[in-house]
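Read through the structure below, which is laid out as structure tokens, and then see the notes.
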Amino acid sequence: MKPNFFFSKKNYKFKQLYPKIKTEKNFSINDIKPLNSAQKNDITFFDSIKYKNDASNTKAEACITTVKLKNFLPKNLICITVNNVLFELANLVKKIYPQSDIDYPDLSLKKASKSSNGVKFGNNVFLGKNVKLGKNTIIGSSSIIEHNVIIGKNCIIGSGVIIKNSIIKDSVVIQDNCKIGQKGFGFIPLKNKNLKFPHIGKVVIENEVEIATGCTIDRGSIDDTIIGKNTYLDNQVHIAHNVKIGSNCMIAGQVGFAGSSEIGNSVSIGGQAGISGHLKIGNNVKIGGGSGVVKDVEDNQVIMGYPALPLKDFLKRNK
């Protein structure tokens, strides 16, 4: 028997979730599955013509799709027609599996504990002197929060996380094995021995930021490293000292930021891109995956390549 890792909030009936859809069926929803593996009482989704063969053969009871695609589905299937399939799918999954969009630390272990202000701890958590933790924050097993760190309310700190020299505001999610607030990479080259540059700044993470697994964020040298509100970092992103990232940014896996770069608001960066040091990236910029950004970028630009060029120039060069 296969183990279950996610459990539904309750046993939903179809009409509880979609009361405006006209159908005599009111089945109990068993699960949400792809077209090719869905069975009776499952809901599926169909968002691309590429999957038309799977769509015509699906055994699902209902399907989230668009007006243009629904004709490829079996006639006896209930169609939930929407403008944006993935948006509707995300909302449905959150309703049925309310804890699926965040990896909450496992506190079911025997020694997990809870403080007077609702903070919950896994096993072997270390708290340094003068640490401040906001209400209802969760800290996973084997995490280390060093002296004077401030963590706001409703935060989720995963397992194996190390945080030092940092101020973390409310509703921040930091997943497993992140390292935040360590010394940055800074040297003054000398003839016989490189001189390490001291780092006396801190890391400031604003409200509702989400940082995925294995990210590293260096503290500032003299200034601070700052991540703006509602910015999302994918796995294995590295942010060097003094970097400032604006609000509502989306940064994919393995992106690297060199020191003292400033990133505007609503910037999207594809995986494995690199941002050189001391640059200014404007608002609403989109940077393609694998790009190397070596000069400033103005607002509202779409760039790609190494060195990164405006998208039109990149496409011309690579015909």
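Do we find that residue 50 is loosely packed, with under 13 Cβ neighbours inside 10 Å, assigned to a helix (DSSP H, G or I), without any contact (Cβ under 8 Å) to a residue 24 or more places away in the chain and not assigned by TED's automatic domain parsing to the domain that holds residue 158 in this structure? Yes.
Within the stretch 291-319, take every residue that is touching a Phe, Trp or Tyr at 6+ places or on another chain (Cβ under 7 Å) and in a loop (DSSP other than H, G, I, E, B) and give me the one that is nearest to residue 218 (Cα to Cα). So that I can check it myself, show each step before the final result.
Quick first cut of the stretch 291-319, residues touching a Phe, Trp or Tyr at 6+ places or on another chain (Cβ under 7 Å) only: 291-292, 304-305.
Within this subset, residues satisfying the condition of being in a loop (DSSP other than H, G, I, E, B) are 291, 305.
On the way: 291: 22, 305: 27 Å.
In this case the residue turns out to be 291.
Screening the candidates 90, 60, 55 for the property of being assigned by TED's automatic domain parsing to the domain that holds residue 37, in a loop (DSSP other than H, G, I, E, B) and among the small types (Gly, Ala, Ser) yields one hit, 60. Summed over the stretch 168-199, the residues that are modelled with pLDDT of 95 or more and either in a loop (DSSP other than H, G, I, E, B) or surrounded by fewer than 19 Cβ atoms within 10 Å (Cβ to Cβ) (or both) give a count of 10.
Among the residues of the stretch 57-89, what is the count of those that are loosely packed, with under 15 Cβ neighbours inside 10 Å and either among the acidic types (Asp, Glu) or closer than 15 Å to residue 34 by Cβ (or both)? Going through the stretch 57-89 one residue at a time, the tally reaches 2.
Considering only residues in the stretch 93-104 that are assigned to a loop (DSSP other than H, G, I, E, B) and over 16 Å from the mean Cα position of the chain (by Cα), the one that is surrounded by the most Cβ atoms within 10 Å (Cβ to Cβ) turns out to be 97. Being of a type outside the set (Ser, Thr, Tyr), assigned by TED's automatic domain parsing to the domain that holds residue 255 and either surrounded by fewer than 17 Cβ atoms within 10 Å (Cβ to Cβ) or out of contact with any strand residue (DSSP E or B) (no Cβ under 9 Å at 6 or more places or on another chain) (or both) is true of residue 135.
Can you tell me how many residues in the stretch 180-219 are closer than 17 Å to residue 246 by Cα and either of a type in the set (Asp, Glu) or touching a residue at least 60 places away in the same chain (Cβ under 8 Å) (or both)? Final tally of qualifying residues: 4.
Residue-by-condition table, conditions (1) over 21 Å from residue 230 (Cβ atoms); (2) polar (S, T, N, Q):
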| site | (1), (2) |
| --- | --- |
| 136 | no, yes |
| 146 | yes, no |
| 150 | no, no |
| 163 | no, no |
| 176 | yes, no |
| 179 | yes, no |
| 186 | yes, no |
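In summary, residue 40 fulfils each of the numbered conditions (1) farther than 24 Å from residue 10 by Cβ; (2) more than 28 Å from the chain's Cα centre (by Cα) with the single exception of condition (1).
Residues that are of a type outside the set (Asp, Glu), in a loop (DSSP other than H, G, I, E, B) and crowded, with 18+ Cβ neighbours inside 10 Å within the stretch 200-209 comprise 201, 202, 209, listed in sequence order. Quick check on my filter: what residues within the stretch 210-243 are assigned to a strand (DSSP E or B) and more than 18 Å from the chain's Cα centre (by Cα)? Scanning the stretch 210-243 gives 218, 225.
The values are calculated or read from the model by the stated rules, or taken from the named source; none is laboratory data. These figures come from a predicted structure and were not determined experimentally. A quick note on method: Cβ atoms are made from the backbone with ideal geometry, for glycine too, and the neighbour counts reach across all protein chains shown.
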